[in-house]
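In what follows, a single structure is set out as structure tokens and then discussed.
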Amino acid sequence: MRIGPHTIAPNVILAPMAGVTDKPFRVLCKRLGAGLCVSEMTTSDPRFWTTAKSRHRMDHVGEPDPISVQIAGTVPQVMADAARHNVDNGAQLIDINMGCPAKKVCNAWAGSALMREPALVADILEAVVNAVDVPVTLKIRTGWAADRRNALEIARIAESAGIKALAIHGRTRDQQYKGVAEYDTIAEVKAALSIPVMANGDVDSPQKAGEVLKHTGCDAVLVGRAAQGRPWIFREIAHYLATGEILPEPSLAEIRDILLGHLEHLHGFYGETSGVRIARKHLGWYAKERPENAAFRTMVNRAESAEAQLRLTRDYFDALVAGVAPELPFAA
């Protein structure tokens, strides 16, 4: 799949997720097989560009190409300025968020709320496309509500405006992340467009990725929540799509090393205090399949220093690797 001058290979993409797809996680997923990693949503409001959160979200030093940055907002000229600002800070692709179902986003008429205003959608897309010389992509849902599935209408507006690729989550806004994603609407959109279309929603295994690509005819799949604590899912999907074979699960030793490297990157990127705090959710995700995960999370969540967090995590996984019961001193 190509988006402008960029070849996206393999055709397995990390979906943008607020509070998750930061630079350390994007770099890790790219290393483990993702063809493209989209940043977490950045605000188009220039008043917040100098905050610590925004500075971290706009930091792309050392990040593998192509660098895709997602922006959100409702005012065409403000969105255009935000696109220019992010390109000046290293973005090679600009992704526009019209898929986020969160209330705080939709209450401001951003995210998937924009799908209720096709004329405004056209104005925003045209303003952003004309503002930058890098490809612009769009993320949408199948519609605002079950009786308002207007993805095809929005998709045609996007293609006419010069959008270079479209990602569709197979739920309406009112579904949030509940229920089951449907792919018929995505298939309908793919059949009607000439630009690349990417399917999103419930892709949680290599087999599911293959089924979704076959059902929709799409050019790529996006993986979101299934990558939390399992960043190697990208190489598993890529291998399956290329060969039809299932890769063996990573060993406990490899999981340990991946996790420790991720923790060190988080500590270095955010600083010790914030890095330790942000790492806690990732630690929970990595251990979620373990029977003693609650006790492990209780233990590591009490670590206040980077050294203690790394040591406790290493000791836990070293015990698992050795086949002995890990010591969990803070377990209830």
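The values are calculated or read from the model by the stated rules, or taken from the named source; none is laboratory data. If you're wondering where the values come from, they're calculated on a predicted model, not measured in any experiment. Cβ atoms come from the backbone with ideal geometry, glycine included; neighbour counts cover every protein chain shown. To get the accessible areas, we keep the full protein, side chains included, count just its heavy atoms, and leave off ligands, DNA and RNA. Shrake-Rupley method; radii C 1.70, N 1.55, O 1.52, S 1.80 Å.
With respect to residue 327, is the statement that it is farther than 28 Å from residue 61 by Cβ, surrounded by 15 or more Cβ atoms within 10 Å (Cβ to Cβ) and out of contact with any Phe, Trp or Tyr (no Cβ under 7 Å at 6 or more places or on another chain) true? Answer is no for this residue. Among strands (runs of 3 or more DSSP E) entirely within the range 1-107, having at least 1 residues that are modelled with pLDDT under 95 and closer than 24 Å to residue 225 by Cα singles out 68-72, 93-98. Within the range 119-144, being closer than 16 Å to residue 168 by Cβ and not β-branched (Val, Ile, Thr) holds for 125, 138, 139, 141, 143, 144.
Being of a type in the set (Lys, Arg), farther than 22 Å from residue 233 by Cα and surrounded by 19 or more Cβ atoms within 10 Å (Cβ to Cβ), is that true of even one residue in the range 45-62? Looking through the range 45-62, at least one residue is of a type in the set (Lys, Arg), farther than 22 Å from residue 233 by Cα and surrounded by 19 or more Cβ atoms within 10 Å (Cβ to Cβ). Which of (1) more than 23 Å from residue 272 (Cα to Cα); (2) in a helix (DSSP H, G or I); (3) touching a Leu at 6+ places or on another chain (Cβ under 9 Å) is the odd one out, the single condition residue 319 does not satisfy? For residue 319, the exception is condition (3).
Each residue in the range 227-250 was checked for being of a type in the set (Ser, Thr, Tyr) and free of Cβ contacts under 8 Å to residues at least 24 places away in the same chain, and 1 of them qualify. Taking each residue of the range 279-306 that is charged (D, E, K, R) and looking for partners that are modelled with pLDDT of 85 or more with beta-carbon atoms closer than 6 Å, six or more apart or interchain, yields 280/301; 288/229; 297/284.
Just a yes or no: is a residue in the range 178-200 in contact (Cβ under 8 Å) with a residue 24 or more places away in the chain, over 30 Å from residue 115 (Cβ atoms) and under 18 Å from the mean Cα position of the chain (by Cα)? Checked against the condition, which is being in contact (Cβ under 8 Å) with a residue 24 or more places away in the chain, over 30 Å from residue 115 (Cβ atoms) and under 18 Å from the mean Cα position of the chain (by Cα), the range 178-200 yields no hits at all.
Tally up the residues in the range 282-311 that are touching a Leu at 6+ places or on another chain (Cβ under 7 Å), more than 24 Å from residue 18 (Cα to Cα) and in a helix (DSSP H, G or I), please. Outline the logic, then answer.
Narrowing the range 282-311 to residues touching a Leu at 6+ places or on another chain (Cβ under 7 Å): 286, 292, 295-297, 299-300, 303, 309-310.
Adding the requirement that they be more than 24 Å from residue 18 (Cα to Cα) leaves 292, 295-296, 299, 303, 310.
Filter once more, so that each one left must be in a helix (DSSP H, G or I): 295-296, 299, 310.
Counting residues in the range 282-311 that are touching a Leu at 6+ places or on another chain (Cβ under 7 Å), more than 24 Å from residue 18 (Cα to Cα) and in a helix (DSSP H, G or I) gives 4.
Residues in the range 166-224 that are more than 22 Å from residue 21 (Cα to Cα), in contact with a Ser or Thr (Cβ under 8 Å, 6 or more places away or on another chain) and of a type in the set (A, V, I, L, M): 186, 187. Within the range 293-307, the set of residues being of a type outside the set (Phe, Trp, Tyr) and either at pLDDT below 95 or open to solvent by 70 Å² or more (accessible area, probe 1.4 Å) (or both) comprises 293, 294, 295, 297, 298, 299, 300, 301, 302, 303, 304, 307. Restricted to the range 271-292, and to residues there that are open to solvent by less than 30 Å² (accessible area, probe 1.4 Å) and either within 19 Å of residue 323 (Cα to Cα) or among the hydroxyl-bearing types (Ser, Thr, Tyr) (or both), the residue that is modelled with the lowest pLDDT is 287.
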